[in-house]
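**Q** Okay, handing you the structure first.
Only the coordinates and a few stated rules stand behind these numbers; no lab work does. Everything numeric in this text was worked out from a predicted model, so none of it was measured. Don't worry about glycine lacking a Cβ; one is built from the backbone with ideal geometry, like all the others, and counts go over all protein chains shown.
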Amino acid sequence: GGAARDDVSRPGGPADSPFVRACRRRSVPHTPVWFMRQAGRSLPEYREIRANVAMLESCRRPELVTEITLQPVRRHNVDAAILFSDIVVPVAAAGVDLDIVPGTGPVVAEPVRTAADVQRIRPIGRDDVPYVDEAVRMLVKELGDTPLIGFAGAPFTLASYLVEGGPSRTHAKTKALMYGDPELWHALAGRLAEMTLAFLRVQIEAGVSAVQLFDSWAGALSEADYRRFVLPHSTAVLAGLADAGVPRIHFGVGTAELLGAMGEAGADVVGVDWRTPLNVATGRIGPDKAVQGNLDPCLLLAPWPVIEAEVRRILDEGRAAPGHVFNLGHGVLPETDPEVLTRVVALVHELSTRPAEG
Ligand code: 1CP
């Protein structure tokens, strides 16, 4: 509704935060920073609260989602919160029988093979994910001026779990379906795009300040295949949110060759992993989009002086972009010392603080 949007657009509010301003390529008091998987197993308070609750179950309890989402914000002074959830939450809500297995990840009981399997993936709306709507509303109140990022999995990455039946290194079954039966592939990806668009709209209606579309495994494809099999569907999601009023971040791993195409899908911000320096990435993405990244999560296990030098390098390379959101190149590893994350936030803020304008 208009009232809610007006409220969050107030000066100093989440829509005017350094994070959202950087996404929109506006001036910022400091480079904003958050971490993919900032909520999770690196935090003892997370391990404690999750001890007796299964992953999917925890995503369906708004009070628990709120507490887990706030944990890294309290601890690290990050510039944004990300909703605690998983990319398969809307897929389960659409009627697919799946579970998140500890130590493995999402496992699908009956992998998608036929047009009938695709038909069984039901359209979703707010009433299918009331716990997400409720958690976002609670969080927006609790977070005050700190923006909340909503997210979803992109059609290719979701399709990979559905076709493989679980995590995969090669995505061989997914590619076999894509190359062998393009019509079925497009039916599946099209349906997942509709689901994802609806799911992100629920989060935006409930008040998130930005959305991130995770196409974590898109880097498995050549640019030509990405453009043919994936880009139209990711575009349906991101370009479909052009009127939604919040910045759209599009992220994948190993996507050096895809950065330009991923930006074309309708992103305001393109996520970059550690393999591509941010100045090189900006050359590929173009001057009209911000970048997010790109510290190697493994570097957080190195001695502090090594981390400090890398943070400096990334901030320097990020100056080539019209907007930079500092992040890792992929998610926080569970063995990361959380105190190192807190120090990185402080260092990014200190090194990037600019004198006030005017
Ligand atoms: O029991 C547990 O604790 C399971 C571990 C776990 C957690 C903490 C999983 C299973 N998902 C999550 C939360 C989660 N998933 C978040 C948390 C929010 C935050 O960042 O703080 C997010 C953003 C996701 C999204 C997600 N899930 C992605 C995209 C991001 C990425 O890392 O690339 C993907 C690919 C998944 C699938 C998934 N879910 C869980 C695992 C272990 C995996 C990966 C499995 C694989 O390797 O394929």
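**Q** What spacing in nm lies between the two simple spin-label points modelled at ASN77 and GLU350, each 7 Å away from Cα in the Cβ direction?
**A** 1.0 nm
**Q** Let me have the relative contact order for region 2-352, percent, based on Cα pairs under 8 Å that are six or more residues apart.
**A** Relative contact order comes out at 20 percent.
**Q** Could I ask something else about it? So how far apart, in nm, are the two label points at ARG10 and ALA51 if each is 7 Å from Cα heading toward Cβ?
**A** Distance between label points: 4.0 nm.
**Q** Sticking with this structure for a sec: Cut-off is 10 Å between beta-carbons; in what order do ILE100, ILE249 appear when sorted fewest neighbours first?
**A** Numbers: ILE100 18, ILE249 25.
Ranking ILE100, ILE249 by Cβ neighbours within 10 Å, fewest first, gives ILE100, ILE249.
**Q** How much length is gained on full extension from ARG122 to SER27, taking 0.36 nm per residue of separation minus their Cα-Cα distance? Numbers along the way, then the final one.
**A** Numbers: separation 95, 0.36 × 95 = 34.20 nm, distance 4.26 nm.
Fully extending the segment from ARG122 to SER27 adds 29.9 nm.
**Q** Is there a quick way to get the dipole size of region 217-335? I mean about its Cα centre, with the Cβ of Lys and Arg at +1 and of Asp and Glu at -1; what is the value in debye to the nearest 20? Let's see the in-between values first.
**A** Working: 9 positive and 14 negative charges, 32 e Å.
Using only the charged Cβ atoms, the result is roughly 160 debye.
**Q** Same structure again: What number in nm² do you get for the chain if you take the convex hull of its Cα atoms and divide its surface by four? Intermediate results must be reported in sequence, preceding the final value.
**A** Numbers: hull surface 66.1 nm².
In nm², the orientation-averaged hull projection of the chain is 16.5.
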